[in-house]
Amino acid sequence: MIIALDGPAASGKGTLARRLAEAFNLAYLDTGSLYRATGVATLRAGGDPANEADAVRSAKALDITTFSPSDLRTEAAGVAASQVAFIPAVRAALLDFQRNFSKNPPGGKAGAVLDGRDIGTVVCPDADIKIFVEADLETRVKRRVKELQEKPGNTIEARVVRADMEARDARDKDRSVAPLKPANDAFTLDTSNMTADEAFAQAKAHIEKKLKR
Ligand code: DC
């Protein structure tokens, strides 16, 4: 079974994906971490994440095991990720890894949950379940600020987070290759007024209903 979860930054899809993977005993891949790692690797090599040659070199040489979650969850990593993700040749370089994960999930699992922007439309167009997770901008800004404030020594302001998020949303939605949009057959879940538990319960109910058909 393949579950594809797509949606904008801080929509709640990562938390939901992790919980669904646990509930249905599936492997989990956060595909945003591949783009984040490519962005961070490009910066570490002294390159420019918006430069095609620099970003493609990093994507092709990517070893995801060399990055810790704290390397990848910074605001700067998110911005660099959305820049490299804009480049079609970077997306092509990361596609095989994602498809291979979905077809041969690690740990002997019977399937996988992948979350990202183009899982239901490009990476796994035949996924059994597709969910598009949304939330309004204000809610997403509040969630991201809270997440950043939980890290020691973080002083980033809400207006900076909002500006970054708007710029990233625009880059994700307006790019020519694999833009952020719901697949035609996706179930849309707006989590703006939901707790993580409520979002999980609704997604689980949707999946169980589909599996019974
Ligand atoms: O979900 P995230 O914030 O970790 O994603 C970081 C960036 O990577 C985001 O700006 C869009 C990009 N991305 C993408 O283009 N396609 C994916 N499947 C996953 C992430």
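The values are calculated or read from the model by the stated rules, or taken from the named source; none is laboratory data. Keep in mind that what you see is a predicted model, and the values were worked out from it rather than measured. Virtual Cβ from ideal backbone geometry, glycine too; neighbours counted across all protein chains shown. Heads up: the accessible areas ignore ligands, DNA and RNA and are worked out on the full protein's heavy atoms, side chains in. Shrake-Rupley method; radii C 1.70, N 1.55, O 1.52, S 1.80 Å.
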Subject >> Residue-normalised accessible area of the chain, expressed per residue, 1.4 Å probe, Å² >> reply: 49
**OP:** Just the Kirkwood number for region 124-213, please: inverse of mean 1/r across all distinct Cα pairs, in Å, one decimal.
**Re:** 15.3
Original post:
By accessible area of protein heavy atoms, probe 1.4 Å, what ranking do VAL145, VAL160 get, highest first?
Top reply: VAL160, VAL145
**OP:** Return the carbon/sulfur percentage of the accessible area of the chain, one whole number, probe 1.4 Å, all protein chains in place.
**Re:** 52
Original post:
What are the GluC sites (Glu not before Pro) within region 138-195 that DSSP puts in a loop, where the Cβ has at most 16 other Cβ atoms within 10 Å?
Top reply: GLU150, GLU157
Original post:
Which of rounded, prolate, oblate describes the chain, given a ≥ b ≥ c as roots of the alpha-carbon gyration tensor eigenvalues and a/c under 1.5 marking rounded, otherwise prolate only if a/b is larger than b/c?
Top reply: oblate
Subject >> Global form of region 31-122, assessed from the alpha-carbon gyration tensor, a/c cut-off 1.5 >> reply: prolate
